[in-house]
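The values are calculated or read from the model by the stated rules, or taken from the named source; none is laboratory data. Remember, it's a predicted structure, so these values are computed and weren't measured experimentally. Every residue, glycine among them, receives a Cβ derived from its backbone with ideal geometry; neighbour counts consider all protein chains shown.
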Amino acid sequence: MSSSAAPHLSICNVTMKYHTANRGDLLALDTISFTVPTGEFVSIVGPSGCGKSTLLYIVAGLLRATSGEVLSKGVPVAGPSPDRGVVLQNFSIFPWRRIVENVAYGPEMTGLGKRERHALAMKYLRLVGLADFADYYPRELSGGMKQRVAIAQMLACNPSVFLMDEPFGALDALTREILQDQLLQLWEQDRKTVLFVTHSIDESVLLSDRIIIMGRRPGHIKQIVDVSLPRPRRSAEIRLLPEFARLRNMVSALIREEAEAAA
Amino acid sequence: MSDASDTNLIVAAHRGQGRAIAKFIYACVNSILRYYPIFILIALWELTARLGLVDPAFMPPFSSVMITLFQELFVSHELLIHTGYSFARAGTGFGLAAIIGITLGIMMGRSRMVESFVDPLISVIFPTPKLALFPLMMVFLGIGDASKIALIFMGCFFPIIINTYTGVKSVDKYFIWNARTKGASNFQVLLTVVLPGALPMIFSGLRIATSMAFLMIVASELIASNEGLGYIILYAQRSFNPELMFSGIILVSAMGFIADRLLLRLGHWLFSWQENEDE
């Protein structure tokens, strides 16, 4: 546990209100505060509708909070930046670009030359094991491959923090497990700061150093759970540990309270 | 024997060329087979005219129409000149509509202010049959090229701007978000996400506009003109020259068909990244 490190992300009193036509103001997030220390893997879990994705979009700078602020390395977030890499849940890589052009997108936007960004893209495609698919279009790839491309696309911008919004949410169980292991392996190499939104309890326990459990109506932090499972972790081994089962059941019970209250 | 072997030698020497010719013939036969109902129709036309089942003053045989068409196009160049007139007007109107329609459509899709200004205007003017405005345009712009180009512009503009606007609006928010988190500026988002994302819709708008352009050019030239294919069709009808009249009709529909096919081909090539339903 390295929570003594300086906070990379500070979320301070973030509140989000939406104006709706017939129900007045809807409070989506109610004064959320927490910090993510540099090099820590933090997951946000909660029942659907608790505002966890909204919170991630605010940290990314894609949405503006009604009040409160987000600091990244002490600087207030005013908009999106390639330094805060984002992977979205909905296969958001560009269908009109070949795989290698997708991965080279960020460097292309920031003005890197054609040859350099191609080499860079190929490096990250090799890292996610998709170098052979460089000239394919996204439609020719499976869902799991597309999300690996999205991860490579983010890595090519060399971000210092990864913001991931249910990146494996739309994948089948087996593909999901494989990608979780790949992400663990990738992350354990250079331990970037990660904020990871998921609705899978297993996933959050498997990957994170800390789990932020959110409740809904309005979206709030219910509890923060430390995960002290040993690293490096591999899915198959970790799942066998009694500590994994204990944490899993604990998080599960907390979320079920929330879900049942609303169901 | 020696003839045959000579031929073989020539064939062997021009093998690549021979293969290309064979391929071309195959393509021709293939398209003839594909469009066989049209050939049946032409055969029926020829037969009924030759057998005197219809008055040749109304409907001359297909073959004599073809002869007239060939002569007027390539010998006297009469039809060629009129085709040039029609094509220039249609092209100008279509081109202007494409440039202004796409630009304004993108602005509408991207800016609330432009959207709320242009949208009501479109919903009021769009349902008006554009041909009904032609007499008004003649009053303002005269009976020359300007009023016809204006009519074609009106016909083409609406399908283009509406399709562009819809296309821009339907670009997935997550694509735009993804681009912005990778450091793309607003202009870069427009160029690398909004435009390619909306292009299939813009293209189908252009296809609708092409057919509108041909409709409007013929209509306007039928109403008031001294040149162009619409004029020729009407002139031929009035001067009891059915061969020329059918030549004009065939020319107009052939032009429309070819323009549509070319656009379709271009679309297939541009959107190879998309899933093709017909494959």
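Could you please find all residues in region B:168-183 being of a type in the set (G, A, S) and more than 7 Å from chain A (Cβ to nearest Cβ)?
Hits for region B:168-183 are B:S170, B:A179.
Sort through A:L179, A:L174 and tell me the only one that's assigned by TED's automatic domain parsing to the domain that holds A:I238, surrounded by fewer than 16 Cβ atoms within 10 Å (Cβ to Cβ) and farther than 29 Å from B:V194 by Cβ.
One residue alone meets the criteria, A:L174.
Can you tell me which of (1) touching a residue at least 12 places away in the same chain (Cβ under 8 Å); (2) on the phi > 0 side of the Ramachandran plot; (3) assigned by TED's automatic domain parsing to the domain that holds A:L125 is the one A:G111 doesn't meet?
With (1) touching a residue at least 12 places away in the same chain (Cβ under 8 Å); (2) on the phi > 0 side of the Ramachandran plot; (3) assigned by TED's automatic domain parsing to the domain that holds A:L125 applied to A:G111, the lone miss is (1).
Which numbered condition trips up B:A198, out of (1) under 19 Å from B:W269 (Cβ atoms); (2) buried (at least 24 other Cβ atoms within 10 Å of the Cβ); (3) more than 14 Å from chain A (Cβ to nearest Cβ)?
(3)
Considering only region B:86-125, state which residues are hydroxyl-bearing (S, T, Y), more than 16 Å from B:G167 (Cα to Cα) and out of contact with any Leu (no Cβ under 8 Å at 6 or more places or on another chain).
Passing the criteria: B:T92, B:S116, B:S123.
Take A:P138 and tell me if it is touching a Phe, Trp or Tyr at 6+ places or on another chain (Cβ under 9 Å) and either within 14 Å of another protein chain (Cβ to nearest Cβ) or farther than 20 Å from A:V42 by Cβ (or both).
The answer is yes for A:P138.
Kindly list, by first and then second residue, each pair from a residue in region B:39-59 that is in contact (Cβ under 8 Å) with a residue 12 or more places away in the chain to a residue that is part of a helix (DSSP H, G or I) and aliphatic (A, V, I, L, M), limited to pairs with Cβ atoms under 7 Å and residues at least 6 apart or on different chains.
B:P56/B:A49; B:M59/B:A49
Please indicate, with yes or no, whether at least one residue in region A:75-91 is among the aromatic types (F, W, Y) and modelled with pLDDT of 90 or more.
no
Looking only at strands (runs of 3 or more DSSP E) that lie completely in region A:10-115, which have at least 1 residues being in contact with a Pro (Cβ under 9 Å, 6 or more places away or on another chain)?
In region A:10-115, A:24-37, A:67-72, A:84-87 are the strands (runs of 3 or more DSSP E) which contain 1 or more residues that are in contact with a Pro (Cβ under 9 Å, 6 or more places away or on another chain).
Determine whether region A:202-218 contains at least one residue that is among the charged types (D, E, K, R), in contact with a Cys (Cβ under 6 Å, 6 or more places away or on another chain) and surrounded by fewer than 23 Cβ atoms within 10 Å (Cβ to Cβ).
Within region A:202-218, one or more residues are among the charged types (D, E, K, R), in contact with a Cys (Cβ under 6 Å, 6 or more places away or on another chain) and surrounded by fewer than 23 Cβ atoms within 10 Å (Cβ to Cβ).
Within region B:38-60, does at least one residue satisfy the condition of being among the acidic types (D, E), modelled with pLDDT of 90 or more and over 30 Å from B:L191 (Cβ atoms)?
Yes, that holds for at least one residue.
Where in region B:153-233 are there helices (runs of 4 or more DSSP H), lying wholly inside it, with at least 2 residues that are outside the structural domain of B:G93 (by TED's automatic domain parsing)?
none
Evaluate the following for B:F158: is it hydrophobic (A, V, I, L, M, F, W, C), farther than 30 Å from A:G111 by Cβ, crowded, with 16+ Cβ neighbours inside 10 Å and in contact with a helix residue (DSSP H, G or I) (Cβ under 8 Å, 6 or more places away or on another chain)?
Yes; evaluated as a whole, the condition is true for this residue.
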